[in-house]
Amino acid sequence: MAAPERLRLLLEGLPAKPGCYLMKDEAGRVIYVGKAVNLRSRVRSYFHSSAHLQRKTAELVSRIADIEWIVVGSELEALILEMNLIKRHRPKYNVRLKDDKRYPYIKVHWADAFPKVTVTRRMVDDGARYYGPYTSMWAVHQTLDVLRRIFPYLTCDRVITGEDERACLYRDIKLCLAPCVGAVGQDQYRAMIADLCRFLEGKTEPVVRRMQEEMQRAAGAMEYERAAAIRDQLRAIEKVVEGQKVVSREKIDSDIVAFARDRGEACVQVFFVRGGKLVGREYFILEGARTADDRELVEAFLMQFYQQAAYVPPRVLLPTEIEESRIIEAWLAERRGGDRVHLVVPRRGMKRELVRMAAENAAETLSMLRARWEADRSKHVQALAELQQALGLTRPPIRIECYDVSTLQGTSAAASMVVFERGAPNKRLYRRFTIKTVQGQDDFASMEEVLRRRFRRWELAVEEADRPGGKLDLAFGILPDLLIVDGGKGQLARAVRVLQAHGLAEKVPAAGLAKEHEEIFLPGKRDPIILPRRSQGLYLLQRVRDEAHRFALQHHRIRHRRKSLASRLEEIPGIGPRRRKALLDAFGDLESIRKAGVERLAAVSGISRELAERIRAEL
């Protein structure tokens with residue numbers, strides 16, 4: 001396949017070095033990211049006469065308008081850079097984890113004196129221990145519900161001194177060891193948290209042995225109530241362990257990876273084997289898998305999954321060989337801390353059976369998800385058709401935008417723009433607004449300001465897209481098929497005024513949705529439209545409106561919290577904007593500043609010991 005004239009000079013200038021290449025379409029969007037040991041030969045191969053034999057390659061090359069490349073020092077560097085570029089640009093023709101931006105993890109705050117256990121979506125190098133990722137927040141909380149009955153860890157924000165007068169209700173219902181009142185010491189509490197970590201790692205046998213020994217010591221010392229509590233914990237552990245199937249006599253930790261494909265969709269199932277026991281499983285959906293072969297699919301999953309996995313086992317069982325096995329093993333070993341990792345494709349025996357079982361689970365999961373997607377798609381089509389008919393639209397509202405304003409007595413006013421496409425939220429297109437020109441409580445004027453700014457951004461986006469090499473801003477550069485404002489006639493009137501000012505009154509249908517009776521107001525019509533209570537169209541409008549309200553309220557609360565925090569700090573004599581910023585940069589929030597000792601406060605730039613003592617006294 002010959003390269004177009006405009007690309008030939010680019011191809012001639014490619015270096016014969018390792019690196020990554022980014023292929024772009026006419027709009028400047030990155031549509032594919034690849035890596036190569038030799039950029040020159042790899043990129044030029046796309047335009048060889050034999051390349052068109054692969055459907056994916058032919059389709060990709062037909063859309064290439066520009067190529068960029070980044071030279072690196074080694075294959076491993078190219079692998080890591082490729083992963084980061086795919087995550088940043090999410091190219092259409094790359095296989096990628098669906099919604100991989102923030103998977104939830106269980107976080108054990110091991111660096112704290114009395115560690116708590118929380119849920120987070122971000123792993124940072126802060127001395128904590130992380131377990132995951134999990135595919136759903138529900139799975140995380142289900143795990144924590146079980147853990148807390150076995151290991152009653154702290155959940156409050158108390159500073160633990162062991163000298164509090166009384167414990168909270170959680171001690172009475174046996175969901176906390178109450179170190180706050182000295183019921184247990186730091187060593188005993190941390191020993192329990194260490195058991196919790198081993199439990200999450202699948203190492204239940206040493207936990208059970210230690211607890212049995214502790215129960216016997218308590219019984220021997222006639223501490224029967226404590227012995228009974230440990231007995232109950234052991235019974236709870238036994239129930240969990242009963243569900244962990246022994247799948248191997250080997251004690252090597254392994255992950256088993258397999259997948260299923262159906263009509264362009266791909267589902268990967270991962271079995272987690274720890275100490276020979278199957279301790280858990282998770283599934284992941286892949287995007288961009290329609291034209292990828294099996295090897296490419298598995299390779300892409302391994303790179304993206306283990307980039308964010310909290311633990312890399314010494315062995316990973318795969319359903320098929322992959323081209324980059326050597327370099328991926330080297331990268332996984334680096335992620336593991338230098339210990340070697342083996343990628344194995346079993347041919348027979350129990351390991352092969354485990355891969356087959358994971359593939360069957362992937363197929364069942366994909367079938368279940370497809371049934372759910374089809375049901376949701378049917379509801380979305382019905383909802384859009386109902387709205388088109390009820391609101392007198394010329395076409396179904398494929399893109400719906402909704403706006404809401406959130407404020408508290410005119411302070412920290414904020415607004416939101418949420419976007420639904422084909423009945424589903426597209427959170428990448430959500431935008432927040434801080435109200436800048438309106439003083440006091442005036443929701444109508446605030447809504448008008450937000451819409452003025454939104455459609456001014458549309459004009460700028462169109463101008464930018466029309467320039468040579470310009471990119472289209474997908475959030476602001478596309479007009480909605482239906483614009484909804486949260487409110488009645490007053491809010492709608494301001495929306496119509498803005499649309500008229502930009503010459504869009506005939507192009508963008510607008511509606512106001514009033515909360516009390518779910519009335520829909522249209523421009524120029526006195527009486528509202530009321531959809532049937534069980535209408536799919538009404539359900540969609542309510543969901544859009546509620547999402548706009550949630551997003552606006554979230555932004556408002558953040559602004560209000562920051563403003564309150566700033567004013568609270570600046571009430572302290574000697575704290576101005578510069579020192580306030582230094583404190584917030586160092587500690588993050590008021591509660592952390594309040595808990596910090598004088599020495600830690602005095603270590604912040606610009607904070608003297610005298611001022612640190614004053615801060616402690618004031619807070």
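The values are calculated or read from the model by the stated rules, or taken from the named source; none is laboratory data. Because the structure is predicted, anything quoted here is derived from the model rather than measured. Here the Cβ is made from the backbone with ideal geometry for all residues, glycine too, and neighbour counts use every protein chain on show.
Tabulated results
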quantity: Conditions (1) part of a helix (DSSP H, G or I); (2) surrounded by fewer than 17 Cβ atoms within 10 Å (Cβ to Cβ); (3) at pLDDT 75 or above; (4) not hydroxyl-bearing (Ser, Thr, Tyr); number of the one not met by Gly606; calculated: (1)
quantity: Residue selected from segment 148-195 under the condition aromatic (Phe, Trp, Tyr) and touching a strand residue (DSSP E or B) at 6+ places or on another chain (Cβ under 9 Å), by the criterion farthest from Pro115 (Cα to Cα); calculated: Phe151
quantity: Scan of segment 321-339 for residues that are within 19 Å of Lys35 (Cα to Cα) and among the aliphatic types (A, V, I, L, M), ordered by number; calculated: Ile322, Ile327, Ile328, Ala330, Leu332
quantity: Neighbours by Cβ (under 6 Å, 6+ apart or cross-chain): first from segment 576-599, over 18 Å from Ile160 (Cα atoms) and of a type in the set (A, V, I, L, M, F, W, C); second at pLDDT 75 or above and in a helix (DSSP H, G or I); calculated: Leu583/Ile593; Phe587/Ile593
quantity: Unmet requirement for Ser564, which otherwise passes all of (1) of a type in the set (Ser, Thr, Tyr); (2) part of a loop (DSSP other than H, G, I, E, B); (3) at pLDDT below 75; calculated: (2)
quantity: Out of Ala260, Ala227, sole residue that is in a helix (DSSP H, G or I), aliphatic (A, V, I, L, M), at pLDDT 80 or above and surrounded by 15 or more Cβ atoms within 10 Å (Cβ to Cβ); calculated: Ala227
quantity: Any hit, segment 110-117, residues being assigned to a loop (DSSP other than H, G, I, E, B), farther than 28 Å from Thr143 by Cβ and among the hydrophobic types (A, V, I, L, M, F, W, C); calculated: no
quantity: Selection count where residues are in a loop (DSSP other than H, G, I, E, B) and in contact with a Pro (Cβ under 8 Å, 6 or more places away or on another chain), scope segment 305-360; calculated: 7
quantity: Condition check for Val345: in contact with a Ser or Thr (Cβ under 7 Å, 6 or more places away or on another chain) and either among the basic types (Lys, Arg) or not assigned by TED's automatic domain parsing to the domain that holds Ala78 (or both); calculated: yes
quantity: Condition check for Leu393: buried (at least 19 other Cβ atoms within 10 Å of the Cβ), hydrophobic (A, V, I, L, M, F, W, C) and over 27 Å from the mean Cα position of the chain (by Cα); calculated: no
quantity: Where Lys277 falls short, out of the listed (1) within 20 Å of Ala309 (Cβ to Cβ); (2) within 24 Å of the chain's Cα centre (by Cα); (3) among the charged types (D, E, K, R); calculated: (2)
quantity: Pairs, first part of a strand (DSSP E or B) in segment 469-494, second of a type in the set (Ser, Thr, Tyr), C-beta under 6 Å, six or more apart; calculated: Val485/Tyr403
quantity: Cross-chain or 6+ apart pairs with Cβ under 7 Å, segment 21-50 first and among the hydroxyl-bearing types (Ser, Thr, Tyr), then at pLDDT below 85; calculated: Tyr32/Leu60; Ser45/Ala51; Tyr46/Thr57; Tyr46/Val61; Ser49/Met1
quantity: Near pairs, Cβ below 9 angstrom, 6+ apart or cross-chain, from segment 424-443 (farther than 30 Å from Leu384 by Cα) to any residue that is among the hydroxyl-bearing types (Ser, Thr, Tyr) and at pLDDT 80 or above; calculated: Ile435/Ser446; Thr437/Ser446; Val438/Ser446
